[in-house]
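J.: Got a structure for you, written out below as structure tokens; questions coming shortly.
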Amino acid sequence: YAEEFYPDGLYFWSYPLGNTDAIVANRSNPTLLISDYAGYTRSYFNAVSRTTSYDYTWTNPYMVGPLLLFTNSVSMVDSAGVFQGAMGADSYITTLTQFFTTLRPTPRTKVFLTDPSGLLVIATHGSVLHTTGPLTGTQVAATASEDFTVATSASAMGNFATISTSIRREKIKDGEKWLLSYRRLEILRAVLIVGVITPEDEFLGSVRAATNRTIGICVAIAVVGLIIVTVLCIIISRSLGRLERHLDRVAHLDIDDNDTASSNGVVKGGSMFSELQRTEESYVKLRTALGAFRRYVPQSVVHGVLNGEILPFTSMTPCQVAVTFHDVVGFTTMCELHEPTLVVQLVSDMFEHMSKIIDRHNGTIDKYIGDAIMSFWEVGKPGTTTAKEACEACVKVLMQTHTTAMAGPDGDIIKFRAGGHFGEALIGNFGSSTRFSYTVVGDTVNSAARLEPLNKQLKTQIVISDELHRHVRSRDLLRHVVYMGRMVLIGKVDVTEVYSIVSTPMNKDAANVWRDTVSSFEAGEYAAAKDILLNGPQKLTDDPMAQEMIANIEAYIWEAPPEHLKGIRQQRGK
């Protein structure tokens, strides 16, 4: 076995009884006589020589100079059983010291090898293991090693014969902690104990240094990562904050055409992140859509839809509402005489001006009907919380109808006629399940629609009903209101008291003449009414409104109306 693994480190020897010379052979020298190879002086040979029977012996490892040897021997007896000598083989290893030297992980690490009795076989710290020569030197016990750390650690090992594997910590010198590690080995049937002792700080120093480096790197990465995350969070929060402000403005329909978005739909100063950029671009599209949407439907309706007050299905609720209709005077003739593009431009300019007035007084533009504008003021809404506020806002808008005029293509003046009424109606989504509009529906709307064309018959520009008039409390407004009498509107059965809103209030005499005329007419005193109008202190015969009254009076004088229409005029056409 030894020859197989160590072919140049195997010596065979024999000692005939009483011969002081050993016959030694190895592969390099098949026959070699070495007179000083005094194997019989060694304890294992003496043990064999005392045996008179066949005896086979293995030795524990030992050192001879720089060599680590293992010996196995057998006694030689004759047929009579008489001891004749001994034969054996020494196997040595020259590279073990180098192996142990490379085994040290730190400069102060000690590695040593003992036999089961605790004798040092080899150590890396340079102890003298043999003191009297290479052949007869004695071994040193590990506990008696001249190296204090080896001796102390060997003492801590306890019984060498029973050690298998152990790792422990011990305070060796000056309170310094060392790591002690032992392991039991069997080589060529020889038992060895390998011991490794190393300072804990040195052994763990590299680990701690690596740990510290790792911690430092991790901390650096964490700091850099924190900075990056902070910067990203700031960028994202700014983008989200900007988007939040934009969306809040959209929710309140604070939409400006000259906003921070460019014409191609990209937000100026947008986010560096593509997701946020796409979100902001989506916002621009939403804002553009809502901006367009509020031009198709009243702004108050858009607010109601965004706030959840108006639900997207057909449903109407009762309300009190003031309704007006504004109609362009002479629109039919204008369409007949001029190009459509010119007519559309003129009417659009009229609508633009009138619509701003309606919006400014908290009105809602219901729809544009050809050359007419339908608008309303709902009681209970901001700015029109009461019937008084709604009706006065409506009358203020009607008052400004007098000043809403433009020069036509032929130099004539284009203006509006208007009519207004107040009463109960239904408000909400009206139409089909696939398409509907937010509007007001009811008799109040129909009456307002009849009052507007009544201006042509009465030669007035603005007429309102008594239901609208009675909620007006402002003296400044009432100065411009003139009572026109009782009328039966087309398609209606009930009588409606009608008032006209004039641009310039009548003086006292004219107002008295007109009041007395209307009173006499309503009393059926048609001749007296005509006389007051023609011969009163203030002549009104040049006023188209008075001329129309005279025509009605003369018609009733010529042919008295039925009793139920006494003092009541009828609307003749739409």
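J.: I need a count of the residues in segment 431-441 that are part of a strand (DSSP E or B) and either open to solvent by 60 Å² or more (accessible area, probe 1.4 Å) or aromatic (Phe, Trp, Tyr) (or both). So that I can check it myself, show each step before the final result.
T.: First, pick out the residues of segment 431-441 that are part of a strand (DSSP E or B): 431, 436-441.
After this cut, where a residue has to be either open to solvent by 60 Å² or more (accessible area, probe 1.4 Å) or aromatic (Phe, Trp, Tyr) (or both) as well, the list is 436, 438.
Residues flagged as part of a strand (DSSP E or B) and either open to solvent by 60 Å² or more (accessible area, probe 1.4 Å) or aromatic (Phe, Trp, Tyr) (or both) within segment 431-441 amount to 2.
J.: Here's a check for you: in segment 408-451, which residue that is aromatic (Phe, Trp, Tyr) and over 21 Å from Asp327 (Cβ atoms) is modelled with the highest pLDDT?
T.: Out of the qualifying residues, it is Phe430.
J.: Would you confirm, using the coordinates I've provided, whether Val111 is modelled with pLDDT of 70 or more, assigned to a helix (DSSP H, G or I), open to solvent by less than 30 Å² (accessible area, probe 1.4 Å) and not small (Gly, Ala, Ser)?
T.: Values: modelled with pLDDT of 70 or more: yes; assigned to a helix (DSSP H, G or I): no; open to solvent by less than 30 Å² (accessible area, probe 1.4 Å): yes; not small (Gly, Ala, Ser): yes.
Judged against the criteria, Val111 is not a match.
J.: Run down Gly428, Gly423, Gly383 and say which single residue is surrounded by 17 or more Cβ atoms within 10 Å (Cβ to Cβ) and more than 21 Å from Ser465 (Cα to Cα).
T.: Of Gly428, Gly423, Gly383, the one residue that is surrounded by 17 or more Cβ atoms within 10 Å (Cβ to Cβ) and more than 21 Å from Ser465 (Cα to Cα) is Gly428.
J.: Something else: Out of the residues in segment 447-478 that are under 15 Å from Gln570 (Cα atoms) and of a type in the set (Gly, Ala, Ser), state the one that is farthest from the chain's Cα centre (by Cα).
T.: Looking at the filtered set, the residue picked out is Ser465.
J.: Is it true that Thr504 is more than 60 Å from the chain's Cα centre (by Cα), closer than 26 Å to His326 by Cα and in a loop (DSSP other than H, G, I, E, B)? I'd like the intermediate steps shown before the answer.
T.: On the way: more than 60 Å from the chain's Cα centre (by Cα): yes; closer than 26 Å to His326 by Cα: yes; in a loop (DSSP other than H, G, I, E, B): yes.
Judged against the criteria, Thr504 is a match.
J.: Could you pull out the residue among Thr444, Thr401 that is open to solvent by less than 60 Å² (accessible area, probe 1.4 Å) and touching a Gly at 6+ places or on another chain (Cβ under 7 Å)?
T.: Values: Thr401 fails: touching a Gly at 6+ places or on another chain (Cβ under 7 Å).
When all the criteria are applied, what remains is Thr444.
Yes/no matrix, rows are residues, columns are (1) over 23 Å from Asn552 (Cβ atoms); (2) free of Cβ contacts under 8 Å to residues at least 60 places away in the same chain; (3) among the aromatic types (Phe, Trp, Tyr):
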site	(1), (2), (3)
Asn429	yes, no, no
Thr434	yes, yes, no
Thr444	yes, no, no
Arg450	no, no, no
Asn455	no, yes, no
Gln461	no, no, no
His471	yes, no, no
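J.: Shifting gears a bit: Of the conditions (1) within 17 Å of Tyr499 (Cβ to Cβ); (2) loosely packed, with under 15 Cβ neighbours inside 10 Å; (3) of a type in the set (Gly, Ala, Ser), Gly411 satisfies every one except a single condition; which number is it?
T.: Checking Gly411 against (1) within 17 Å of Tyr499 (Cβ to Cβ); (2) loosely packed, with under 15 Cβ neighbours inside 10 Å; (3) of a type in the set (Gly, Ala, Ser), the one that fails is (1).
J.: Next question. Give me a count of the residues in segment 528-551 that are open to solvent by 70 Å² or more (accessible area, probe 1.4 Å) and either farther than 18 Å from Gln457 by Cβ or of a type in the set (Val, Ile, Thr) (or both).
T.: Residues of segment 528-551 open to solvent by 70 Å² or more (accessible area, probe 1.4 Å): 531, 535, 537, 539, 542, 547.
Retained after the next criterion (residues that are either farther than 18 Å from Gln457 by Cβ or of a type in the set (Val, Ile, Thr) (or both)): 531, 535, 537, 539, 542.
Residues meeting the conditions: 5.
J.: Of the residues Thr165, Thr131, which single one is modelled with pLDDT of 65 or more and open to solvent by 30 Å² or more (accessible area, probe 1.4 Å)?
T.: Thr165
J.: In addition: Taking segment 336-358 on its own, how many of its residues are part of a helix (DSSP H, G or I), open to solvent by less than 70 Å² (accessible area, probe 1.4 Å) and not polar (S, T, N, Q)? Can you show your working first?
T.: Just the residues of segment 336-358 that are part of a helix (DSSP H, G or I), to begin with: 336-337, 340-358.
Add one more test, that the residue is open to solvent by less than 70 Å² (accessible area, probe 1.4 Å), and what stays is 343, 346-351, 354-355, 357-358.
Checking the rest, the ones that are also not polar (S, T, N, Q) come to 343, 346-347, 349-351, 354, 357-358.
Final tally of qualifying residues: 9.
J.: Could you give me the residue pairs with C-beta distances under 8 Å whose first residue belongs to segment 344-363 and is in contact (Cβ under 8 Å) with a residue 60 or more places away in the chain and under 15 Å from Ala407 (Cα atoms), whose second residue is assigned to a helix (DSSP H, G or I) and open to solvent by less than 20 Å² (accessible area, probe 1.4 Å) wherever it lies, and which are 6+ apart or on separate chains?
T.: Once the first residue is in contact (Cβ under 8 Å) with a residue 60 or more places away in the chain and under 15 Å from Ala407 (Cα atoms) and sits in segment 344-363, its partners that are assigned to a helix (DSSP H, G or I) and open to solvent by less than 20 Å² (accessible area, probe 1.4 Å) give Leu346/Met334.
J.: Let me ask another. Name the residues in segment 484-512 that are of a type in the set (Val, Ile, Thr), surrounded by 20 or more Cβ atoms within 10 Å (Cβ to Cβ) and under 15 Å from Pro544 (Cα atoms), would you? Walk me through it before giving the result.
T.: Let us first name the residues in segment 484-512 that are of a type in the set (Val, Ile, Thr), namely 488, 490, 493, 495-496, 498, 501-502, 504.
Those left that are additionally surrounded by 20 or more Cβ atoms within 10 Å (Cβ to Cβ): 496, 498, 501.
Within segment 484-512, just Ile501 meets the criteria.
J.: Report, ordered by the first and then the second residue, all pairs with beta carbons closer than 6 Å, sequence separation of six or more or different chains, a first member in segment 311-336 that is in contact (Cβ under 8 Å) with a residue 40 or more places away in the chain and among the β-branched types (Val, Ile, Thr), and a second member that is surrounded by 16 or more Cβ atoms within 10 Å (Cβ to Cβ) and assigned to a loop (DSSP other than H, G, I, E, B).
T.: As it stands, the answer is Val328/Asp371, since those pairs meet every condition given.
J.: Which of (1) of a type in the set (Val, Ile, Thr); (2) part of a helix (DSSP H, G or I); (3) at pLDDT 75 or above does Thr198 not meet, given it meets every other one?
T.: Looking at each condition in turn, Thr198 falls short on (2).
J.: Next question, about the same structure. Looking at the structure I just gave you, is His361 modelled with pLDDT of 90 or more, under 42 Å from the mean Cα position of the chain (by Cα) and open to solvent by less than 60 Å² (accessible area, probe 1.4 Å)?
T.: On the way: modelled with pLDDT of 90 or more: yes; under 42 Å from the mean Cα position of the chain (by Cα): yes; open to solvent by less than 60 Å² (accessible area, probe 1.4 Å): yes.
Yes.
J.: Also, quick follow-up: Among the residues that make up segment 201-209, is at least one of them more than 30 Å from Arg108 (Cβ to Cβ), open to solvent by 50 Å² or more (accessible area, probe 1.4 Å) and either in a helix (DSSP H, G or I) or touching a Phe, Trp or Tyr at 6+ places or on another chain (Cβ under 8 Å) (or both)? If you could, list the steps in order and put the result at the bottom.
T.: So in segment 201-209, the residues more than 30 Å from Arg108 (Cβ to Cβ) come out as none.
Looking for residues that are more than 30 Å from Arg108 (Cβ to Cβ), open to solvent by 50 Å² or more (accessible area, probe 1.4 Å) and either in a helix (DSSP H, G or I) or touching a Phe, Trp or Tyr at 6+ places or on another chain (Cβ under 8 Å) (or both), one finds none in segment 201-209, hence no.
The values are calculated or read from the model by the stated rules, or taken from the named source; none is laboratory data. Given the structure is predicted, the values throughout are model-derived calculations rather than measurements. A quick note on method: Cβ atoms are made from the backbone with ideal geometry, for glycine too, and the neighbour counts reach across all protein chains shown. Only protein heavy atoms, including side chains, enter the accessible area calculation; ligands, DNA and RNA are left aside. Shrake-Rupley method; radii C 1.70, N 1.55, O 1.52, S 1.80 Å.
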